[in-house]
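The values are calculated or read from the model by the stated rules, or taken from the named source; none is laboratory data. Predicted, not measured: the structure shown is a model, and the values here were computed from it. Heads up, the Cβs are rebuilt from the backbone with ideal geometry, glycines too, and the neighbour counts pull from every protein chain shown. Surface accessibility is based on the protein's heavy atoms, side chains included, excluding ligands, DNA and RNA. Shrake-Rupley method; radii C 1.70, N 1.55, O 1.52, S 1.80 Å.
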Amino acid sequence: MARGGQNKDKDDAIRKCIVTGEVQPKAGLIRFVVGPDNQVVPDILGKLPGRGMYVTADRAVLEEAKKGQFSRSAKQAVTVPDNLIDEVERQLARRTVDLIALTRKAGRAVCGFEKVKGWLAGGERVRVLVQASDGSERGKTKLWTPEGARYFGCLTSSELGLAFGRQSVIHGALATGGLSNRVVEEATKLRGLREGNGGDTASGKDKEAK
C-alpha cells in the first residue's frame, strides 16, 4: 500500500523492455535480476530480490538483450550465461505444464480428442484449447477455438502428457477460471520463445475471438 492509502498494484502492472523501450504489461515480459556473482538470472515467478530488468518474451529480443543490454540496464558489468534463453524456455515450459496440471487436478481440464470435442460442442465454457506441436495437423484442424478462448500449440505431446498425468497427449481443453488465466499468461511467453510473436498465425487459431 502506497502513501495516502493508494494501492501500488496498478503502478506495478507495466514495465519497459530494456531492449525495445516499449512499455507494456508485465504479463508479456520476463524479469531478470543480477545475482550475487554478477550473473544474470531469470526470475520467472517474479519473486527474486534485486532490481528487475524486463525483456519482451520473444527469442529474438532476448538474443539482442545478451549483446550488452543487460549490462547497460544494470549499470555494471554482468555475466550472461550462454544458455540463458534455453534456461528461460525450460522454466517457462515447466511453469506452464505445472499450471495445466493444477487446472486438471481442480477438475477444470480434460484431454483426448473426444472429451475435448465434447466440451467444445456441449457448451462448456472453454478458456484454452491446447494441442501438441508434434501432433497430427489433420487431427488438430478438426477441433476449433471457441469465441473468447485462446489457442496454444507450443507444448509437445510429452509435455502435455506430463500435465495430464499421461505418457502423451495431443488435445486438451481448460475451462474458464483463474488457473486457466495464469496458463494463458505463461503459455503466451513460452510461445514467444518457441515460435516468435507470430504465434500460431499459420494455423489461424491464435486470434482471440472478440
Filtering region 24-55 down to residues that are among the β-branched types (Val, Ile, Thr), closer than 17 Å to Glu185 by Cα and free of Cβ contacts under 8 Å to residues at least 40 places away in the same chain yields Val55
How many residues does region 158-210 contain that are at pLDDT 95 or above, of a type in the set (S, T, N, Q) and under 20 Å from Ile44 (Cβ atoms)? 3
Would you call Val88 out of contact with any Asp or Glu (no Cβ under 6 Å at 6 or more places or on another chain), crowded, with 20+ Cβ neighbours inside 10 Å, of a type outside the set (Gly, Ala, Ser) and over 16 Å from Gly161 (Cβ atoms)? yes
Residue within region 47-61 that is touching a Leu at 6+ places or on another chain (Cβ under 7 Å) and open to solvent by 40 Å² or more (accessible area, probe 1.4 Å) present: yes
Please go through region 119-145 and pick out each residue that is part of a loop (DSSP other than H, G, I, E, B) and open to solvent by less than 30 Å² (accessible area, probe 1.4 Å). Ala132, Gly135, Leu143
Grab the helices (runs of 4 or more DSSP H) fully contained in region 1-118, keeping just those with 1 or more residues being over 21 Å from the mean Cα position of the chain (by Cα) and at pLDDT 95 or above. 70-74
Out of Ser158, Ser168, I need the residue that is part of a loop (DSSP other than H, G, I, E, B) and among the small types (Gly, Ala, Ser). Which one? Ser168
Is there any pair with a first residue in region 154-170 that is over 14 Å from Ala101 (Cα atoms) and a second that is small (Gly, Ala, Ser) and crowded, with 24+ Cβ neighbours inside 10 Å whose Cβ atoms are under 7 Å apart and which are 6 or more apart or on different chains, and what are they? Cys154/Ala187
